[in-house]
Every structure is written in C-alpha cells, then in structure tokens.
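Read the structure below first, then the notes.
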Amino acid sequence: MVVKAVNYSFMKSTAFGQGACELAIGPMACRIEWSGKGLRRFSFKEVERKPRGVTRPPDGCPPFVVKAVSLLHSFFSGGQTDFSPLPLDLEDKGAFYRRVYRVVRAIPRGRKASYGEVAARAGSRSAARAVGAAMKQNPLPIFIPCHRVVRSDGGLGGFSAPGGVKMKRKLLEMEARERKKTEDRRPKAEAGRGKGP
C-alpha cells in the first residue's frame, strides 16, 4: 500500500472539544473522531479513487489528531510507526475491554498474539471469547491493532473493519515485510560499527 497524499475532505468540531475528520490516505478513505481526551473512533476502507493532494489540517484540529494523521500516513506507507503516545478516549468501554485494548496496543508491529494470550496478559486467562468480542467492538482499529490478534491454531480469526479477513491479511503481510527489512538491515549496520579505522 503506497501512500502519496493526505487530503482532508471534511471536518467539524464543537465547543466541547469533540470533532470528526474525513480524509483520504493513499487508497484508504478514513474517518477520525475525537474528544478533548483523545481519539474516540476510527474507520477506514480501501477505495479506488486517488486523493486530490496534500492539504493543511483544518483549523481547530487538536495536535494529537494532526499527529495521528501523520502516523497513519507512515503506517499505510509501510513505515515503522508507534501509535502508543497518542491519547485514546475509551471511557465508554468497561474495565476489561480497556485492559484488553492496552495489551493489544503493546503488540509490536510485525508480531501477533492469540486471543488466549491477550486474555492471559489482560488478567483473565479463560476469557479468549471475550477478547474476540472486544476486538469486534474495537473503536480504533490500527491505533489499537486488532489485526495482530489471531487464533491459537495460526488462523487469522475475524476482522470487523471493511475488507474483513482479506484486509487483515494484507495488513499483517505489509507489517511482516517491513519487519524483515528492518531485521535484514540491522546486521549490516552492526557489522559496519564493528570495523576498525
């Protein structure tokens, strides 16, 4: 997935710090919603029409939203991306779901964890099905990378974002390629540092 442009097509905000922004990132049509506490909702789908070009973020966009868009640009380009510093507003979710989302946010790019593993790390070893439900109701895919959660037998499991399992596979394959590139470059860099003058 090659990203060439970010185009903001719609934005609205309120006096309470809430807002929404619709934009195109490469082949993806995206929508971000936020509150004064952080990102609240994110949705995306692959589209055929190309973006018109890069434009300045709309006035009133909080800095964390501008940062989120920049990171999405990097992510869909296949770059190394860390979404963890971004604030998320998950106050409408229960304590277990919030723990699950915190665990899933910590899964490194290019890695996967099973539903059972996530359940155990969230403190409820027997709650794999509940983890599946949390993934299905994930309000912030990519930011909470539910595509990295798979079945214990190696199957992909479900994916509720548009594109379904096909999109999940595409995201995982993209991340695996980039991780391999990073790992392939690392020995060369380390060998270069070991050479004398």
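Odds and ends about this structure:
- Label-to-label distance for VAL47 and ARG31 is 1.1 nm, based on points extended 7 Å past Cα in the beta-carbon direction.
- Integer Hz, Karplus 6.51/-1.76/1.60 couplings in order for region 114-128, x for Gly and Pro: 7, 4, x, 4, 5, 4, 5, 5, 8, x, 9, 4, 8, 9, 4
- Extension gain, VAL165 back to LYS180 (0.36 nm per residue minus Cα-Cα distance, nm): 3.2 nm
- Pairs over the 26 Å Cα-Cα cut-off, from the set LYS93/LYS180; LYS37/LYS112; LYS37/LYS93; LYS112/LYS180; LYS112/LYS181; LYS37/LYS180: LYS93/LYS180; LYS37/LYS112; LYS37/LYS180.
- Nitroxide proxy distance, nm - points 7 Å out along Cα→Cβ at GLN137 and ARG98: 1.4
- Phi angles of region 166-181 translate, via the Karplus equation with coefficients 6.51, -1.76, 1.60 and θ = phi - 60°, into HN-Hα couplings of 4, 5, 4, 4, 4, 5, 5, 5, 4, 5, 5, 4, 5, 5, 5, 4 Hz per residue; Gly and Pro are given as x.
Each value in this text was obtained by applying a stated rule to the coordinates, not by laboratory testing. Note that the structure is a prediction, hence the values are computed from the model and not measured. Using ideal geometry, Cβ is built from the backbone for each residue, glycine included, and neighbour counts are taken over all protein chains shown.
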